[in-house]
Amino acid sequence: MNARILLLLLWPFAVSAQGFAGLGTGTDGFSTPQQPAIFDFPADHGPHDDYRIEWWYLTANLTAEDGTPYGLQWTLFRSALTPDGGEGWSSPQLWMGHAAVTTPDAHFVTERLARGGIGQAGVTADPFEAWIDDWQLVGDDFDTLRMTASGPDFAYDMGLRAQGPLVFHGDAGYSVKSAQGQASYYYSQPFYDIEGTLTLPDGDVVVSGQAWLDREWSSQPLSDNQTGWDWFSLSFEDAKLMGFQLRQTDGTAYTSATWIDADGTTTPYTDGAFSAQPLSVSSVAGREIPTLWRVLLPDRDLDVIVQAINDQAWMDTSIPYWEGPVTVTGTHAGVGYLEMTGYE
Amino acid sequence: MTKAGLQALLSHWLRNPVQLFTLVVGLSLATALWSGVQAVNAEARASYDAAAETLGEGQFAQITATTGTIPQADYIKLRRAGWRVSPVVEGRLDGVRLIGIDALTSPGGIAPVGLNEGDLTVDMITSGILFATQDTLDQIEDYGVQTLPNPDVAPGVILTDVGTAQRLLDMDGMLSRLIVAPAQPVIQPPLADVVSGLSVRPPQGGSDVARLTDSFHLNLTAFGLLSFAVGIFIVHGAIGLAFEQRRPVIRTLRALGFPLGRLVGLIAVELLVISLIAGAIGVGLGYIVAAALLPDVAATISGLYGASVSGTLQLRPEWWLSGLLIAVGGTAMAAAASLWQLARMPLLASARPRAWAMQAGRGRLTQGALALGLLVTAMLLGWLGSGLAAGFGMLAALLIGAALALPVVLDRVLAFGASRAKSVMAEWFWADTRQQLPGLSLALMALLLAMAANVGVSTMVSSFRLTFTGFLDQRLASEFYVYADDAEQAAALRTYLEPRVDKVLPIQSADQGVRGLPSEIYGPTAHATYRDNWLFLNAAPDAWARIEAGEGAAINEQLARRADIAIGDEITLAGRQFAVLGIYGDYGNPIGQVIVTETTFETLFPNVSPLRFGLRMTPGDVPALAVELRDTFGLAEANMVNQAGIKAFSLDVFDRTFTVTGALNVLTLAVAGFAILMSLLTLATMRLPQLAPVWAQGLTRARLGRIEIIRAVLLALLTAALALPLGLALAWTLLAVVNVEAFGWRLPMFLFPLDYARLAVFAVVAAVLAALWPARKLARTRPADLLKVFSNER
């Protein structure tokens, strides 16, 4: 037995027979999202310790001055062992950070883990600061942020400025995840302009582009029969689309989507409106993972091909998954990010 | 046909059950010794691995503070500056070592704790769990914290979460040290820019514990191999005998048209079955041997090196499997030559007696040349080689070379004896002994190796004991040692003790790297105790006086050898330069040590205050003072050490070492004696054609029997005479080559002539015992059998 196994066991996401990464476990004692969703900002940018899991999830499509596309990820997960608990080292709050940079032919990834209660990681709402070790996402408010992360072979230092409002998914931020009614609170800031410097083994690269930040918290977002998800955030010339499908053990999927107009006006779509079909798979980390998709939203006459910029964008972290930048062609052209979990 | 052939072959064992018994017993004994030693080794190693992993020492760089503890806030500062470090809180809980770690940040391999139930993780963080072996858990009181027995944690260590450790050790907000993860971010500020007062200790190649105990294990492994070699001699003898005696059967079978290939196959299968059975018995016996030895080995190692080995034995697959493999492989090795000869032997020659025995005599010249080559190699390795591997290569070359040289040397000695013989009888005796030599040489080699190993290992252990006890006398010069729990108590103790004893000598130390090697800096009070008792191996003139004047420092031999520091060189302590004025012996210490004077120490490490005191006083007053301190300060027994007690404990440790080596010595000698018995039995039946004419000329059977015993004594004595120098060479290699490589210091070698004489007596007794039965058998041979020799005359 080594520490890595201990670590995996410690991380409540990681080992569970029920659903991907334990997201399908019971809610015993934790709060659950309620309708109608009422948000209180800036407080809700901060953590909600009485919910089991929560994340601050930022992805960005970047371009270097020479036109090379890059993808970037900065994620902070919070996970609570119990709904209430002690101070200091006895705090039940655990934190996990993932950072990655994807180039057309390389994928750099690193992970950080931290205990809550000792100051090593955390989030404050006002002024906003989310941090784990030396990584941070910090700003006077949620619209203007500085973002840093570093790993053994890469680092980045980026500035973000929001060009539009927050958008709320599902029913005004109450996002249903299954036919049984599992749900989460879910909002995004998809309108960040981002620029900064990537430090890569071959040297520094100045980049700029678009970033998308997701905020989500819940206590049981998946139902027992759901094994994983495929999540798309796509940016077109004059609109954006967030769509996901939760794969179910019977081979069907539960889907949900939000169409976001340039001014931030949202149109939510319930199960069945959005669909994503894998077209071909790549062999990634010993698994077959679909990296070429056909994505359909007939209500918007959307029929596009989503292709990974780098098939091997594998997040080799405690809980492994696939996450990387994509290009979109078809009825709508653009870029975006794809996340796939639960592929064994 | 196969069945008939098998029946014919097996009928041999039915007619000679004793021979089957000896074959099985010989093989079992060899396997038992091998697997017993392996078991002890495997068990001890498994314990070290657990220990080394739990402590995480050596594997990773560490950050420590000169003040001893690191504020938790500094840890967070470091993390937030990009330093991937993991906290460790350490202390003693009821005398047991308590280690608190943070499983989320500790680098892999630190915590050998397996958890199976998800709820445990919650408990571990929110309320705390203590992981340790059941034995260790039994040693602590109930602290209201959940305990969980776990065999993977090193003995004597409790592993828990850092938060729980802080609570139990009353170290809230404090950490003992930080482990530095091997992978650090690309962007990272220097340590001193983030937090001051911390220093990084680089990772060491392999853990201290493992490196220290390697030597002991290598000794044990060498013993295991030797036992195996001795065992193989027996098996070779037993199989040779079986083949020899079955020659008529084989000849008859072949004459009847039984294919040779199938015959060889049948014998091979038969041997495989026998070796598997014997191997299984051997593994069982080995388990018993190991179980009997392990408590002593565990005590020896923990006493010598402070590395705890759990005293329980687990049936680990690696060693019972290796035991079976050794049995089968050894049989195959021993039988290969016999089977080869069987396959090559002309049909009608098969029944010729002594063909097998004489076979071994051929190629003596080649053997002599090989022996010489190996001995020269050993000398060259000792002279030019470096490293532990060279040391052991030298041992191997020496032992094998000597074993191969034995028959050649004995042959020359016997030839010399024959040339000096005055009577016909004597001439016959020498010539007949010489004639027997080829058949006996394997057994004699076994005896030679067994004796040499005994001489070598006994010399090493005894030399170690003498040196170490002498060193203890120097080092533990004070009559009584007192340990305070904290600085406050230490100060009070000092004030209280000063008027009551002759002299209070504070003992204070700080950990610091010296030339990149982990070292302890000591700052003893200038006092005659040190001047009188600490003897330098090498020193500048007036070394003590100059050290006391603050002009320089003394270092231990380990540090001098590893960092290649000579007298007059300079070392840096806490930023100041010191000339090395003396080098002293420091046996048993894994790391470097530096001595400066008390005042110098206080300026270098102002934050360290002494918690330990050595008290110079009348030895008879020690018990009374102990009672006084217990009543006045509430000092626990563990905080007061009577010097006489330490010495007694140290000697006890060596006595245990003696038990282990002694037991192994007796076992190897017994095995060697068994080999002689087997060889003599083999020869006895074959030698009737040589003895019958002597008998016919008037020598009585009883006299013939006595001559057999005299012969055995003569050969054993000759072998012993050769084993002594070989054993001493072995000891020298262990002390002056292997020890320096493994420990970093050289042990002076002492000779123990009485021990050697006793060993020689044992060897002769073993030989006589082995010769007794064949001699008695000879003395009782029916005259008819002796006469039959002539009737069979071809």
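The values are calculated or read from the model by the stated rules, or taken from the named source; none is laboratory data. As the structure is a prediction and not an experimental result, all values here were calculated from the model. Glycine also receives a Cβ, built like all others from the backbone with ideal geometry; neighbour counts cover every protein chain displayed. Protein only, heavy atoms only, side chains kept; ligands, DNA and RNA dropped before computing areas. Shrake-Rupley method; radii C 1.70, N 1.55, O 1.52, S 1.80 Å.
Just a few scattered comments:
- Rounded to the nearest 20 debye, the dipole magnitude of chain A is 800 debye, with +1 charges on Lys and Arg beta carbons, -1 on Asp and Glu beta carbons, and the Cα centre as origin.
- Net +/- balance of residues flanking residue B:125 in space, Cβ distance below 10 Å, scoring K and R +1, D and E -1: -2
- In sequence order, calculated HN-Hα J values of the range A:115-121 (Karplus, 6.51, -1.76, 1.60; Hz; x Gly/Pro): 8, x, x, 10, x, 6, 8
- For the peptide A:82-94, the mean number of other protein chain Cβ atoms found within 10 angstrom of a residue's Cβ is 4.
- Ordered from highest to lowest accessible area with the whole protein assembly present and a 1.4 Å probe, B:67, A:255 read as B:67, A:255.
- Heavy-atom accessible surface of chain A: percent carbon and sulfur, 1.4 Å: 48
- Whole-Hz ³J(HN,Hα) from phi, Karplus 6.51 cos²θ - 1.76 cosθ + 1.60, for the range B:707-721, glycine and proline x: 4, 4, 5, 4, 4, 4, 4, 4, 5, 5, 5, 4, 4, 4, 4
- Förster radius 41 Å - calculated FRET efficiency between residue B:627 and residue B:758 (Cβ-Cβ, nearest 0.05): 0.35
- Each of residue B:325 and residue B:494 was given a label point 7 Å from its Cα along the Cα-to-Cβ line. The distance between the two points is 5.9 nm.
- Backbone N under 20 Å from the residue A:329 label point (7 Å along Cα→Cβ), restricted to the range A:294-313: A:294-297, A:302-313
- Counting every C-alpha pair in the range B:474-643, the share spaced more than 25 angstrom apart comes to 34%.
- Per residue value of the accessible surface for the range B:474-643 (all protein chains in place, 1.4 Å probe), Å²: 43
- Mean-square fluctuations from a GNM of chain A, with a 10 angstrom spring cutoff on Cα atoms, peak among A:42, A:320, A:190 at A:42.
- Net lengthening on full extension, residue B:717/residue B:703 (0.36 nm per residue, minus Cα-Cα): 3.0 nm
- Applying 1/(1 + (r/R0)^6) with R0 = 60 Å to the Cβ-Cβ distance of residue B:292 and residue A:250 gives a FRET efficiency near 0.45.
- In terms of its Cα atoms, the range A:65-208 spans 49, 38, 32 Å along the principal axes, sorted from long to short.
- Modelled spin-label separation between residue B:773 and residue A:237, with each label point placed 7 Å from Cα along the Cα-to-Cβ direction: 10.3 nm.
- Each listed q (0.09, 0.15 Å⁻¹) maps to a log10 I(q)/I(0) for chain A from the Debye sum over equal C-alpha point scatterers, namely -0.44, -1.42.
- Over the range A:83-219, accessible surface divided per residue gives 32 Å², non-protein components excluded, 1.4 Å probe.
- Local net charge near residue A:284, Cβ-Cβ under 13 Å (Lys/Arg +1, Asp/Glu -1): -4
- Accessible area (Å², 1.4 Å probe, nearest 10) - residue B:175: 0
- Interface between chains B and A: roughly 3000 Å² of accessible area buried, both sides summed (probe 1.4 Å, protein heavy atoms only).
- Between residue B:10 and residue B:73, the contour length at 0.36 nm per residue exceeds the alpha carbon distance by 14.7 nm.
- Net dipole in debye of the range B:486-618 [+1 Lys, Arg Cβ; -1 Asp, Glu Cβ; about Cα centre; nearest 20]: 160
- Pairwise label distance in nanometres, residue A:34 with residue A:277, each label 7 Å out on the Cα-Cβ vector: 4.3
- In Hz, Karplus ³J(HN,Hα) per residue of the range B:284-290 (6.51, -1.76, 1.60; θ = phi - 60°; x = Gly, Pro): x, 4, x, 4, 5, 4, 4
- The range A:268-313, dipole about Cα centre (Lys/Arg Cβ +1, Asp/Glu Cβ -1), debye to the nearest 20: 120
- Stretching the chain fully between residue B:420 and residue B:332 yields a gain of 27.4 nm (0.36 nm per residue, less the alpha carbon separation).
- Scanning residues 5 or more positions from residue A:315 or on other chains, those with amide H under 5 Å from its amide H are A:321, A:322, A:323, with H placed 1.01 Å from N in the peptide plane.
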